[in-house]
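Novice: Pasting in a structure now, in structure tokens, and then I'll have a few things to ask.
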Ligand SMILES: Cc1ncc(COP(=O)(O)O)c(C=O)c1O
């Protein structure tokens with residue numbers, strides 16, 4: 001029995017919704033997208049939501065909306081997917097990496113202030129694995145230094161922080177609907193904000209810089225008229241994707257409950273195994289359990305993290321590593337001179353982490369198999 005790292009949760013209802021959209025003949029962005037944005041807005045509790053083609057596009061347009069410029073700096077955690085930092089580079093601005101907490105994998109708030117300069121414009125905290133970052137503490141720093149907070153919530157749809165799905169501390173919150181995420185549209189993303197001006201800017205920039213207001217003003221000229229007010233992007237989502245998103249959103253909480261049950265089983269099984277550290281969840285938050293990341297206590301075993309992954313693969317269990325820290329990639333190293341020695345916590349974590357399979361359709365047998373595989377490998381290789 002092979003256990004993939006992820007399987008999307010696609011039911012007949014999802015399939016029917018997409019087929020219905022295909023049959024009705026309107027494939028690109030239209031009414032289904034408006035419906036998806038409205039349902040999403042209700043779910044996360046924000047005033048405005050704008051759907052886009054990916055989580056990366058969401059982050060890019062959020063930075064565009066705050067007016068990021070060449071030479072500016074944006075603070076990001078060193079342990080994240082490249083999207084979080086690459087969008088900063090789109091503006092010829094500098095992503096400034098901050099080390100993470102060993103326990104949660106989230107940005108280490110105590111290290112943010114020393115990285116702030118006159119050029120710093122924003123902080124992009126990432127809710128690593130689906131555990132919300134310390135947004136209230138980050139907000140205090142942002143207020144003091146006049147910085148925007150754009151949350152990379154690619155992992156954290158369904159999470160709660162201090163009783164809210166998205167924090168009031170965030171200026172904008174960016175979600176991803178990539179194939180492995182807690183809600184998928186294949187590819188897709190969403191920006192949520194309470195700021196009307198930013199939402200309107202993002203709406204314009206996601207579709208070639210075409211102004212809807214201008215279109216409304218001139219509608220007397222007929223449906224063909226539009227005005228380009230800025231060189232925008234082709235970042236819109238389609239109605240086919242939105243139709244899937246609407247269905248996925250209806251079951252997003254039940255999918256979360258299923259992942260939570262799996263996480264609880266893993267926690268119970270690994271809690272007393274000395275070679276494995278289970279995810280540490282801080283107070284006042286509920287994780288989405290997008291990822292279940294264990295840390296191997298490599299001092300207590302004879303094999304490395306990579307060898308452990310190889311052995312898991314041999315037993316048919318596919319796992320991942322989230323993430324290869326950004327400063328380890330040639331681009332960020334060469335362009336900005338980052339070095340491994342600058343991020344000791346990140347390095348410590350990177351050498352130890354393995355992301356285990358966790359998705360709603362995982363059966364009890366599959367979860368048991370993963371637990372046995374991990375347990376057997378670490379006990380076989382005990383020092
Ligand atoms: C932390 C993080 N941020 C941003 C993204 C980008 O999302 P997308 O693939 O939808 O562009 C990802 C995607 O994997 C991610 O893991």
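Novice: Across segment 181-197, which residue is nearest to the ligand (Cβ to nearest atom) among those that are crowded, with 23+ Cβ neighbours inside 10 Å and outside any loop (DSSP other than H, G, I, E, B)? I'd like the intermediate steps shown before the answer.
Specialist: Taking segment 181-197 as the starting set, the residues that turn out to be crowded, with 23+ Cβ neighbours inside 10 Å are 181-183, 185, 188-193.
Imposing the further condition that a residue be outside any loop (DSSP other than H, G, I, E, B) reduces the set to 189-193.
Values: 189: 5, 190: 10, 191: 12, 192: 15, 193: 17 Å.
Per the criteria, the residue is 189.
Novice: If you check residue 325 against the conditions, is it touching a helix residue (DSSP H, G or I) at 6+ places or on another chain (Cβ under 9 Å), buried (at least 20 other Cβ atoms within 10 Å of the Cβ) and not assigned by TED's automatic domain parsing to the domain that holds residue 86?
Specialist: Working: touching a helix residue (DSSP H, G or I) at 6+ places or on another chain (Cβ under 9 Å): yes; buried (at least 20 other Cβ atoms within 10 Å of the Cβ): yes; not assigned by TED's automatic domain parsing to the domain that holds residue 86: yes.
Against the criterion (touching a helix residue (DSSP H, G or I) at 6+ places or on another chain (Cβ under 9 Å), buried (at least 20 other Cβ atoms within 10 Å of the Cβ) and not assigned by TED's automatic domain parsing to the domain that holds residue 86), residue 325 qualifies.
Novice: Just checking, how many residues over segment 350-379 are within 30 Å of residue 328 (Cβ to Cβ) and assigned to a loop (DSSP other than H, G, I, E, B)?
Specialist: 5
Novice: Same structure again: Would a scan of segment 47-54 turn up a residue that is at pLDDT 95 or above and in a helix (DSSP H, G or I)? Full working, then the answer.
Specialist: At the first step, the residues of segment 47-54 found to be at pLDDT 95 or above are 47-54.
Now drop any that are not in a helix (DSSP H, G or I), which leaves none.
No, because not a single residue in segment 47-54 is at pLDDT 95 or above and in a helix (DSSP H, G or I).
Novice: I'd like to verify a number: residues in segment 55-76 that are outside any loop (DSSP other than H, G, I, E, B) and more than 16 Å from residue 173 (Cα to Cα), how many? Show your work before the answer.
Specialist: Within segment 55-76, the subset outside any loop (DSSP other than H, G, I, E, B) is 55-65, 73-76.
In the following step, the residues that additionally are more than 16 Å from residue 173 (Cα to Cα) were identified as 73.
Adding up the residues that qualify gives 1.
Novice: What number of residues in segment 198-214 are touching a residue at least 24 places away in the same chain (Cβ under 8 Å), in a helix (DSSP H, G or I) and surrounded by fewer than 19 Cβ atoms within 10 Å (Cβ to Cβ)?
Specialist: 0
Novice: Determine which single condition residue 51 fails, assuming it passes every other condition in (1) over 19 Å from the mean Cα position of the chain (by Cα); (2) within 16 Å of the ligand (Cβ to nearest atom).
Specialist: In the conditions (1) over 19 Å from the mean Cα position of the chain (by Cα); (2) within 16 Å of the ligand (Cβ to nearest atom), residue 51 misses (1) alone.
Novice: Still on this structure, I have one more. Sort out which residues of segment 22-44 are farther than 25 Å from residue 192 by Cα and assigned to a helix (DSSP H, G or I), and write them in order of number.
Specialist: The answer is 22, 23, 24.
Novice: What is the one condition in (1) surrounded by fewer than 21 Cβ atoms within 10 Å (Cβ to Cβ); (2) over 26 Å from residue 179 (Cα atoms); (3) in contact with a helix residue (DSSP H, G or I) (Cβ under 6 Å, 6 or more places away or on another chain) that residue 315 does not satisfy?
Specialist: Against the list (1) surrounded by fewer than 21 Cβ atoms within 10 Å (Cβ to Cβ); (2) over 26 Å from residue 179 (Cα atoms); (3) in contact with a helix residue (DSSP H, G or I) (Cβ under 6 Å, 6 or more places away or on another chain), residue 315 comes up short only on (2).
The values are calculated or read from the model by the stated rules, or taken from the named source; none is laboratory data. Bear in mind that the values here come from a model prediction, so they are computed numbers and not experimental data. Ideal geometry is used to build each Cβ from the backbone, glycine not excepted, and the neighbour counts take in all protein chains shown.
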